[in-house]
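Structure record follows, encoded as structure tokens.
The values are calculated or read from the model by the stated rules, or taken from the named source; none is laboratory data. Just so we're clear, the structure is a prediction, and the values are computed from it rather than from any experiment. Here the Cβ positions follow ideal geometry from the backbone for every residue, glycine too, while neighbour counts run over all protein chains shown. Note: areas computed on protein heavy atoms with side chains; ligands, DNA, RNA excluded. Shrake-Rupley method; radii C 1.70, N 1.55, O 1.52, S 1.80 Å.
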Amino acid sequence: MRRISKPVSFTRRARLSNFPRLSNFPRLSNFARLSTLATVAALATLVAPLATSATALAKPTATKQSAAKSESSAPASSEPEAPPPLTKLPVVRSFSEAVFPSAALRDRVAATIELALDINEQGGVDAVVVVRSSTVAEEGGRAFAGTSTVTDYGFDRAAIEAAERLAFEPAEAEGTPVPVRMGYTVRFDLPPRAKDRVDRAIATATSTAGREARPGPGIVRLKGVVREAGTRRRLPGVLITVFRVEAGKPQASSAPDVPDGPDGPQKSSAQEKPGSRVGAEAAYEAYEATTNADGTFEFYDLGSGAWRAQVDLDGYYPFRTTEEVTEDEVLDVTYYLERGSYNEFDVLVEAERVQKEVNRRTLKAAEIVKVPGTLGDPINVVENLPGVARTPGGGGAIIVRGSGPEDTGVFVDGIDVPLIYHFGGLKSILPAEVIDEIEFFPGNFSIQYGRATGGIFNAKTKRAAAQGFGGSVDISLLDSSIYLEFPIGDTITVGLAGRRSYIDFVLKAAVPDDASVRLVSAPRYYDYQAFATWRPSSAHEVRLFFFGSDDRLRLLFEEPSDLDAQLQGTGLDAAVFFNRVIASYEYAPSSTFQNSLKIAFARDTFHASAFDQFSSHIDFHNLQFREMARYAPSDAFALSVGVEGILGTVDVDVSATRPPKEGDVVFGDDLEDITVISLDDVPVANIAPFVEAELGITDALKIVPGLRLDYFRRLRTFTVDPRLIARYALSDGWTVKAGVGLTHQPPEEDETSEGFGNPDLDPEWAIQYSAGAEWVPTEYLKLDGTLFFKDLKNLVSRTNATTTRDGVIAPLIYDNGGKGVVYGAELFVEHKFNRNFRGWLSYTLSRAVRTDSGDSKSRLFDFDQTHILSLVASYVLPENWEVGLRWRLVSGNPTTVFNGGVFLSDFDRYSPIPGETNGERLPLFHQLDLRIEKRWVYDAWSLSAYLNLVNSYNRRNVEGYSYNFDFSQSDTVAGLPIFPILGLKAEF
Amino acid sequence: MNSATSRLWLSAFVFTAFGAASMGGTRPANAQDVFEPAARQGYYLALGLRNGWGVVHDSDLGLLDLMPNLGLTLRTGQVVNDHLGLGIFIESGGGAGRKWLGSYGTLAMEGQYIPIANENLALRGGIGLAFLGVARRDEAKKRDDDPTGDLGTLYKLGMSYDWFPAYDPGDGSGGFAVTVFAEGQFLSAGDLWSSTVFVGVEASYWFGFDRSRLTLSEDQAFEP
């Protein structure tokens, strides 16, 4: 049994003055599975025992009366008085249909939920408790992988919410309203498939062929379809009423009630009026119809003239109009109903995956776009989650639990991508429109991920089947994007998207002609996506997803020697380009077995050149694969086996100095120290089989052990990663959790190249420990606290040591002598969408230190931030307004201060004298971002306008220090000032 | 005995076959309020003039000047319920003190609170992006290190009253109004800040609610 919170207020229907009560017309709903006959039968069932008990009641009454008489003469009994018998049962006064969870509809799963309702003396529902739940998957229906409980589809919640909205005429005992507890069953029956309906119609027609012709149903005079305004979604189960009033003229009524028809629109015939009322002032003629699964309806044999049409639907504004019906034509109409709120969370069905990790954060696309300050970018939103540090100077990297950006794995549908942000770090390479949700693991992640000692970020792309042609166009100050999707038949969905920035046009116009730098090609980016999904049956899904990104920047400097005396030439050119084609096949015949196969063909190109001295061109062609099978014969055991890897070749042409590394203070002292490398078809192979078990030791204790074996061809090394996660449910709301795991990560490519680094390096590794607790006091509130500790070893670190290669003494450049420690605590308080509010509070307290090779003293990690606090909140207002804020308070990053400079005559410039490495901190960072959004809904499309105000109170946050030529003076470098991002988005 | 007031929970489980809830689609279930027609409903568009007095201050030079101020305002937004309105505004203006000239522009978001539902008095506030510029009046006294201006944040708080001179309840929803207002404004831009008090007047038009949101007569409601 599960008790839930207080009931919400009832849905109020639109009030219309002077309108006949709809309760006069019997409901001939095609979708409410209660036919008139069934109602009578049920009532009979109800009345029979009542009749019996009524007889019984009479006796107790009589007995009671006699008992009352006897009471007056006899001492009162010490036993408690028995409650009086009911003389009237509760009667539904206001009925509310439950919302069929869309995920269940998609997977063709029906359910029956038995509830117990506490009905008070006013007829309101005080409490609802689930007594029993059961589901039935339709034959061939898609299994819901990983879960087996009804709550995963949200049936319980939907039934409870519908029951809470019921209103009753209260039960009575001896004429007095009394509170009662009553059983109530909610059945979620699947509507017939469109194909089944057609087949059945054909079968009916065939079976009656040759028999005596039956009279036809009449002539259609008025037909149409009911759609939702803004989305054009067809609305099934909607009641349409047409009526006309003739003042002073009574209407005769002798037709019987029309029973529910076969599949298809419910017909009402003018010859079979369902009811009419003769009144003293006016008489009217009225009919009802209910839309079928396709949202269509028909009225037969309506008389010519003006008919008033009304459409009422819970959750929508009423629709009213007048139609002119004529005898010689069929009037075909489309009615658009406007929803009361177009907040995505109203229809968001969150079927929770059973969690097996210590920390797994997920955010839906609908949530992503609403977080202020992140410009609707899915990757930027991650920065507001526990364990993630603020990226200095803006976006562009994910820094997780004291690990650098290169230590966190970034995936799209489980496939590795080379970069996640476009130039400048303002936007990621995937727009929110193609994303379904993002999942983020700050540590102790599943064995299916590896080659990372930080965290894992995985963007899952959209998989929902398109209902029809639709899409969106988004225009903001930074870029514009378009998204289109459409179905092909019943089984294929195709999607296309593209985006291009135009900040280059803005900058070109803004930079003066006499500036010392000329923008030949200002930073510009574009990205593109296309996907096709084929679901031949519920158990199979084949998908092709193509996406790519192209970033480019070219600058020309008038006097590059102003930057550094050693620089020659005038140009700076950078470009990053990559493509992925992911072919995937998901097979899930039941909840017992699922298999997922993904193969990706990839091409990554990195190009950079600077001042005729430095150039770098890297071309990486590769094939990535990920195969995983999961077998779960029971709730207590599941086994996942899989393999993933990357195979490819890389071409490298580099002429440059060594790139800077974490912990470096001064680099590139000698710009003449250039290394040249030219390699073709260098093979790359990383392969990792893995196995993981999910063991339900008891109902409350779940243990997930896993083992992963990595092979790194470049390093000619195998590594083994064992991991263990445990979760124990102390009670319904409390869970404690812990995890420990070993992860390995190969060094960066330049660190192991013969020219730039040390080919004999070993993988870095980390042992991650975490422990915590989760508390879910209500359905909408969750608190999650975690302690973590990370021991980093074998870190690649600069060294002055030398080695002998081929008989020649050469500098080692790097070794595996570095180490580090990270520890801290995270708190995450999340309020899911409820009562128009959503938000979370995230706080991380941490310390990350490093010890470089050969050093005995440790230093702060470059991105160590002691306190990271993020408060995110959004509130949905009426009339499709939404407001939100994000406030962040973050410790300043460590920094190395320069204490003057020394003149290097060989290079004709000054070199700084650094203080203690990361010995000081920048000032505290805090910033408030606001967002306001308004949506206008039209019949076939909707338009949203939004204003993001980043850094609303214009806090001048210090991001670093700049120095004069001899490092004798310094000034602060401020981050972004207040700036607004205005945008428009049209959806259709 | 008054069983209606006692907390008797009769655990007679009476099963009825009412609630066979079967649907073919998802539907949200928010309450949809409808309103009596009134003037101050729906979207608004207002164009106004304001006059004020304020100070401009620089972190290095101190108080720069006291100056009168004249500005243009353009506001648009919507009343979302009986007590709350949201919108944006664009304002621009300038002034001249004895020694300094000042100018400003702003693009900001605005909220208004209506203390008494459906009445015409509103408290309003706003925050947004602003630009503040200053220059010496006397060219001869200009110096190289004089402040010139910067981008910053504007904060505003005030109150207004809308007068609908020609509104009749039979007119339905919305109408023309003359709005008088008084407000205080603080603008912080880099090393400069200014605070000004304004009074002003606006001509505003209220577009009213769509008929689906209104309680109407039958003839009005069912207009084709």
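Brief remarks on what is shown
- A:W936 exposes around 80 Å² of accessible area when a 1.4 Å probe is run over every protein chain in place.
- Pairs beyond 25 Å (Cα-Cα), from A:K985/B:K156; A:K598/A:K832; A:K370/A:K737; A:K370/A:K790; A:K356/A:K460; A:K356/A:K793: A:K985/B:K156; A:K598/A:K832; A:K370/A:K737; A:K370/A:K790; A:K356/A:K793
- With contacts taken as Cα pairs under 8 Å at a separation of at least 6 residues, region A:361-987 carries a relative contact order of 10 percent.
- Accessible area (Å², 1.4 Å probe, nearest 10) - A:K819: 100
- Spin-label pair A:E748/A:D294, simplified geometry with 7 Å Cα→Cβ offset, distance in nm: 6.0
- In terms of accessible area, using a 1.4 Å probe and ignoring ligands and nucleic acids, A:Y336, A:Y631, A:Y316 rank largest first as A:Y631, A:Y336, A:Y316.
- Prolate/oblate/rounded call for region A:361-987, Cα gyration tensor, a/c under 1.5 rounded: rounded
- Separation of the A:V808 and A:A986 label points, Cα + 7 Å toward Cβ, nm: 6.5
- List A:F578, A:F833, A:F546, ordered by accessible area with a 1.4 Å probe, largest first: A:F546, A:F833, A:F578
- Of the whole protein surface, A:D413 contributes about 20 Å² of accessible area at a 1.4 Å probe radius.
- Linear extension gain, B:M159 paired with B:N118, 0.36 nm per residue minus alpha-carbon span: 13.2 nm
- Within straight-line reach of B:K141, meaning a Cα separation under 16 Å, sit the following aspartates and glutamates at least 8 residues removed in sequence or on another chain: B:D65.
- Förster-model FRET efficiency, 60 Å R0, A:W936 and A:D791, C-beta, rounded to 0.05: 0.60
- Order of exposure, largest accessible area first, which applies to A:H926, A:H617 with probe 1.4 Å: A:H617, A:H926
- FRET efficiency, A:D126 to A:L730 (Cβ-Cβ, R0 41 Å, nearest 0.05): 0.90
- Spacing of the modelled spin labels on A:Y631 and A:K88, each 7 Å from Cα toward Cβ, amounts to 6.3 nm.
- A Förster distance of 56 Å, applied to the separation of the beta-carbon atoms of A:R713 and B:L74, puts the FRET efficiency at 0.30.
- Extension gain from A:E324 to A:N595, taking 0.36 nm per residue of separation minus the Cα-Cα distance: 91.8 nm
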